[in-house]
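Readers should treat all values here as calculations from the given coordinates under stated rules, not as data from a laboratory. Quantities reported herein were computed from a predicted structural model and do not represent experimental measurements. Here Cβ is always computed from backbone atoms with ideal geometry, including for glycine, and neighbour counts include all displayed protein chains.
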Amino acid sequence: MEREKFSSRLGFILISAGCAIGLGNVWRFPYIVGEYGGAAFVLVYLVFLLVLGLPIVIMEFAVGRASRKSAALSFDVLEPEGTRWHLNKYVAIAGNYLLMMFYTTVGGWMLLYFFKMLKGDFTGMGTEAVSGVFAAILGNPAQMGLFMAAVVILCFGVCAMGLQRGVERITKVMMVCLLILMVVLAVHSIILEGGAPGLEFYLRPDFSKMWEAGIGDVIFAALGQSFFTLSIGIGALAIFGSYIGRERRLTGEAISVTLLDTLVAFMSGLIIFPACFAYDIEPTAGPSLIFITLPNVFNHMAGGRIWGILFFMFMSFAAFSTIIAVFQNIIAFAVDLTGCSLRKAVVYNIIAVILLSIPCVLGFNLWSGFMPLGAGSTVMDLEDFILSNNLLPIGSMVYLLFCTSRYGWGFQRFLAEANEGEGIRFPRWARIYVSYVLPVFVLLIFMQGYVAKFIK
């Protein structure tokens, strides 16, 4: 059966960007920008995004397009006879499932908060009461499990409709709505009375903050964010390369995806900082920013319930776009490896993902005594660590070596595939950099993850 393709270039870019755009764009990027020097840090980040993240995105797209397969079989198709590059499929498959083992729970939180905002549950609540809502949710495994399962069924349902009729059509609508919502929310925050100091905190280049934090910490923060923001290394983007034609060169397509991802991250700061400063609420990082800090901000705003509804609608779209994209990859794994029908792949994986996601749900309540990474850690922290600090860098290194080594696909074949069509060329002179320098960056990220986690 001929492989289904995207109906438009826009669909490919928006869905690939939807996969890359994650919740870290909202609850981590703005915070580290503010901490490490505002626009000064953004410049450092953009440099690393260009030299680190972009080449690996191009390589994932190239491997996908050349093989016309998901990561489950792409290396089998392209590898030289007798080599074992195909073993990377297990890293890719594990990475996609592991991401969904905790991301579906977070998606459930977003959906639940959207409904809570819609019902007006936060109206009139004090700071402690708002904090208590999130604590109550974490302590209720049945409620979390229900919303996690709802997200799994809903997003797999989109994938069951097919690539063009389901994934492409619905993700395009969600991404357009997401971008419109972001603009509306950002404009509203910027014009808030008292929001100007927050805007200055976020945007004004402050090199003194970079020196205070330590240049090494700033560089690693920029390096890590530029790497993790794109979810590279587990074939999550390669699958979409397998659905596109050869009319356009891949460098330009990858630039479009990374720019959209960066835009969402940047716009998130325009929403968060002016609003927090306007109401004298300390901006934080991580889930507490989304589920405690911002609901408190909305409670202080005129029409806060409406703005809260719009914000959690935006956050739900951001979560769902990633989940749908990864589910499409998981389905492709099943179809490519077993030859089963789309329907069977969907049904079996709904059951599998729900069961695999239960430990994350229980890690906040019934299994809260299990602290795998030290005091206060949860099952989610362990899953995130295995994925972010191990599978992503290992997988990225494999793609790098496969596309540059003469024992793999090789640079010439990669270059020919990347430069097929019209648009921006991947430069031939970059061979030395992607073969010898870029792997060192990835190795540093891998090592830094362990240093930051276990060496205080």
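A few notes on this one:
- Each residue of the stretch 157-163 was assigned a 3J(HN,Hα) from its phi angle through the Karplus expression (A = 6.51, B = -1.76, C = 1.60, θ = phi - 60°), giving x, 5, 5, 5, 6, x, 5 Hz with x at Gly and Pro.
- In the stretch 308-456, Cα pairs under 8 Å separated by at least six residues give a relative contact order of 14 percent.
- Listed residue pairs exceeding 32 Å between alpha carbons, taken from LYS5/LYS89; LYS344/LYS453; LYS119/LYS172; LYS89/LYS453: LYS344/LYS453
- Percent of Cα pairs exceeding the 41 Å cut-off, where the set is the chain: 13
- Mean separation of Cα contacts under 8 Å, 6 or more apart, over the residue count of the chain: relative contact order %: 34
- Estimated FRET transfer efficiency (VAL47, VAL183; beta-carbon r; R0 30 Å; 0.05): 0.70
- FRET E, pair ARG246, TRP367, Förster distance 51 Å, beta-carbon r, rounded to 0.05: 0.55
- Histogrammed with a bin width of 5 Å, the alpha carbon distances of the stretch 372-456 distribute as 3, 13, 18, 17, 14, 11, 9, 7, 5, 3, 0 percent, first bin at zero.
- Length available on full extension from HIS300 to ALA135: 0.36 nm per residue minus the Cα-Cα distance, which gives 57.3 nm.
- Where only DSSP H runs of four or more residues are counted, the chain gives -22000 deg cm²/dmol as its mean residue ellipticity at 222 nm, each run worth -39500 (n - 2.57).
- Other-chain or far-sequence residues with amide H under 5 Å of ARG248's (modelled H): GLU422
- Taking the stretch 164-284 and dividing mean pair separation by its residue count, relative contact order in percent (alpha carbons under 8 Å, at least six apart): 57
- Cα-only radius of gyration and Dmax that characterise the stretch 323-374, units Å: 14.8, 43
- Approximate spin-label separation GLU200-SER377, in nm, with each point projected 7 Å along Cα-to-Cβ: 4.1
- Averaging Cα coordinates gives a centre for the stretch 381-456 and one for the stretch 235-280; these two points are 19 Å apart.
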